1. So is A236 small (G, A, S), without any contact (Cβ under 8 Å) to a residue 12 or more places away in the chain, closer than 30 Å to A64 by Cα and in a helix (DSSP H, G or I) or not?
2. Looking only at the range 126-160, count how many residues are among the acidic types (D, E) and under 27 Å from the mean Cα position of the chain (by Cα).
3. With the checklist (1) open to solvent by 30 Å² or more (accessible area, probe 1.4 Å); (2) closer than 28 Å to V241 by Cβ; (3) part of a strand (DSSP E or B) in hand, flag the one item L96 doesn't pass.
4. Could you list all residues from the range 260-308 that are at pLDDT below 85, out of contact with any strand residue (DSSP E or B) (no Cβ under 6 Å at 6 or more places or on another chain) and among the β-branched types (V, I, T)?
5. Suppose we keep only residues that are open to solvent by less than 10 Å² (accessible area, probe 1.4 Å) and either within 30 Å of V95 (Cα to Cα) or not in a helix (DSSP H, G or I) (or both) within the range 159-195. Which one would you say is modelled with the highest pLDDT?
6. Show the residue pairs meeting these rules: Cβ distance below 8 Å; 6+ apart or different chains; first residue within the range 22-47 and in contact (Cβ under 8 Å) with a residue 24 or more places away in the chain and part of a loop (DSSP other than H, G, I, E, B); second residue acidic (D, E) and surrounded by fewer than 17 Cβ atoms within 10 Å (Cβ to Cβ).
7. Residue under question is L50, and the condition is that it be under 24 Å from A242 (Cβ atoms) and either hydroxyl-bearing (S, T, Y) or part of a strand (DSSP E or B) (or both); does it hold?
8. In the range 269-327, which residues are open to solvent by less than 30 Å² (accessible area, probe 1.4 Å) and part of a helix (DSSP H, G or I)?
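The values are calculated or read from the model by the stated rules, or taken from the named source; none is laboratory data. Not measured: the values here are computed from a predicted model. Reconstructed Cβ throughout: ideal geometry from the backbone, glycine too, with neighbour counts over all protein chains shown. The protein model used for the area step is the full one, side chains on, heavy atoms only, and it has no ligands, DNA or RNA in it. Shrake-Rupley method; radii C 1.70, N 1.55, O 1.52, S 1.80 Å.
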Amino acid sequence: MDLMRSFIAVLLLAVSQFVFAGTVTDLYQVTLPVDEQRSSPSDLQMSSGLAKVLVKVSGNSSIAEDSQIQSQLKVPARTLKQFSYIAKEDGEYLVLDFHPSVIDGLVTRTGFKPLGGQRPTVLLWFASDLSGEQDYLQFNDPFYKALQLAANSRGLPLQFPLFDLTDQVALTTADLWVLQDQSITQASARYNPDAIIAGRLSKVTPEGVSVAGLFINGGDNQPLAESGNIDQVAQALINRVADNLFKPVVSYILSHFQTGVAVQVENISNLSDYVRLIDFLKGLSVVSQVKIEQAIGNQITVRLELDGSEEQLRQAIALEPQLQALDSLRNQDGSAVMIYRWQG
């Protein structure tokens, strides 16, 4: 293992999308390849982007199967905040940014909490015989790029070992090749990961590879085996690990949520803002009851029982200059979700 390989490893860590271990950025953004730039994204592009963002935010790979999510995917424009185009070496890309509060609300209405940006980190150890001999997988290998892209799609932070002299002594190529779990765990201790993927990459056809590996999560060691093209294998490995690590957290009991109007308010930064907001809503003649559903960061969601219509509620809220209307959604059952920003 030469000095250049260690330098590449450090550089890879420095430019990784996950600047801080365990912290995921751009959760509400997705990048899609396109053939050409358009004046606005198509419904298909927005729907595809929305589904991808919901998977990242929720950690749930099957969230798009939920009936409420399927309904929203038919009208994705309501969730889009902005879009732009960027050019890369391999072509043009469409960048879609979605409203965080809207996305969080959609996830919440499926009965689970958004995972947030702090997530378990996974350390990667890979060996390969693609060069004709068993060796640590080079950091410029396309398989590492495929793993990073797959991890980005799931919002899963990855760590990479330095493969310096300390690593080489702690985990030899021979031990990594036979997936010696004790050596792998001991060598990983200096990086303090939440979980570990170790594996050996072999070519099976001119276009296909296979991975035999080990997923180490605490005291639980699970075998991994995938084959196919590089992108397929990388995505399958990451999906297996992410589904295991991202356990859904139930956010609340849904039984009483079928009545009233949900109001989401962003930028509630202190107790004073919260008190003023609740006092204002309780003082509206059209509102008979205010229920607090949830508070996530600077966003609070309340459900209002009405003595009037939703339009009367909108008109009443419009009289408060500190509440800026952002958007509104409608659940499959017809109930409304109004989204505002506190200007306090």
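1. Working: small (G, A, S): yes; without any contact (Cβ under 8 Å) to a residue 12 or more places away in the chain: yes; closer than 30 Å to A64 by Cα: yes; in a helix (DSSP H, G or I): yes.
So A236 passes the test.
2. In the first step, residues of the range 126-160 are kept if they are among the acidic types (D, E); the result is 129, 133, 135, 141.
In the following step, the residues that additionally are under 27 Å from the mean Cα position of the chain (by Cα) were identified as 141.
Counting residues in the range 126-160 that are among the acidic types (D, E) and under 27 Å from the mean Cα position of the chain (by Cα) gives 1.
3. Of the numbered conditions (1) open to solvent by 30 Å² or more (accessible area, probe 1.4 Å); (2) closer than 28 Å to V241 by Cβ; (3) part of a strand (DSSP E or B), the odd one out for L96 is (1).
4. Within the range 260-308, V275, I296 qualify.
5. Going through the range 159-195, the residues open to solvent by less than 10 Å² (accessible area, probe 1.4 Å) turn out to be 160-161, 163, 167, 171, 176, 184, 187-188, 195.
With the extra rule that they be either within 30 Å of V95 (Cα to Cα) or not in a helix (DSSP H, G or I) (or both), the set shrinks to 160-161, 163, 171, 195.
Numbers: F160: 92, P161: 93, F163: 88, L171: 96, A195: 93.
So, considering only residues that are open to solvent by less than 10 Å² (accessible area, probe 1.4 Å) and either within 30 Å of V95 (Cα to Cα) or not in a helix (DSSP H, G or I) (or both), the one modelled with the highest pLDDT is L171.
6. Between residues of the range 22-47 that are in contact (Cβ under 8 Å) with a residue 24 or more places away in the chain and part of a loop (DSSP other than H, G, I, E, B) and residues that are acidic (D, E) and surrounded by fewer than 17 Cβ atoms within 10 Å (Cβ to Cβ), the close pairs are G22/D194; Y28/D97; D35/E92; E36/E92; Q37/E92.
7. The answer is no for L50.
8. Across the range 269-327, the qualifying residues are D273, L277, I278, L281, L313, A316, I317.
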